[in-house]
Amino acid sequence: VEMKLFNPVGVGTWLICEMDEYGMCFGAVDLGYGFEMGSFDLLEVMNLKLPYGLRVERDIYYKQCLLKEAIC
């Protein structure tokens with residue numbers, strides 16, 4: 001997993017394994033029901049409007065690891 005994004009005020013975790021030049025990502029997403037694999041648009045995720053004017057954030061303390069290690 002290359003990068004981890006998270007919702008700072010609720011559920012929502014995005015683990016990005018791959019990303020193309022257009023911002024289309026492939027990885028694991030947990031929106032409160034367990035992780036699911038699939039594709040998502042990075043721009044769409046980053047433009048989510050959260051309470052208190054917050055946005056989805058990148059976990060700057062995340063260290064790259066295998067996907068199976070990240071979702072356990």
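Looking only at trypsin sites (Lys or Arg not before Pro) in DSSP loops with at most 11 other Cβ atoms within 10 Å, what is the longest site-free stretch of the chain?
Of all site-free stretches, the longest is 1-48.
Compare the Cα positions of GLY38, GLY10, PHE26 along the charge dipole of the chain (+1 at Cβ of Lys, Arg; -1 at Cβ of Asp, Glu; about the Cα centre) and return the one farthest towards the positive end.
So the residue we want is GLY10.
Rank GLY38, GLY27, GLY12 by mean-square fluctuation in a GNM of the chain with C-alpha springs under 10 angstrom and give only the top-ranked residue.
Looking only at GLY38, GLY27, GLY12, the biggest GNM fluctuation is shown by GLY38.
Accessible area per residue of the chain at 1.4 Å probe, in Å²?
72
In the chain, carbon and sulfur make up what percent of the accessible area (probe 1.4 Å)?
Carbon with sulfur: 56 percent of the solvent-accessible area.
Hey, what number do you get for the chain at 222 nm if only DSSP H runs of n ≥ 4 count, each worth -39500 (n - 2.57), divided across all residues, to the nearest 500?
Helix-only estimate at 222 nm: -2000 deg cm²/dmol.
Can you pull out the chymotrypsin sites (Phe, Trp or Tyr not before Pro) in region 6-72 that DSSP calls coil and that have at most 13 other Cβ atoms within 10 Å?
Those that pass, being in a loop and sparsely packed, are TYR22, TYR33, TYR61.
Any idea what Rg and Dmax come out to for the chain if you just take the C-alpha atoms, in Å?
Considering the chain through its Cα atoms, Rg and Dmax are 11.7, 33 Å.
For the pair LYS49/MET37, report the inter-label distance in nm, with labels modelled 7 Å from Cα in the Cβ direction.
If labels sit at LYS49 and MET37, their model points lie 3.6 nm apart.
The values are calculated or read from the model by the stated rules, or taken from the named source; none is laboratory data. Please read these numbers as outputs of a predicted model, since none were measured by experiment. Neighbour counts run over all protein chains shown; Cβ positions are idealised from the backbone, glycine included. For accessibility, only protein heavy atoms count, side chains too; no ligands or nucleic acids. Shrake-Rupley method; radii C 1.70, N 1.55, O 1.52, S 1.80 Å.
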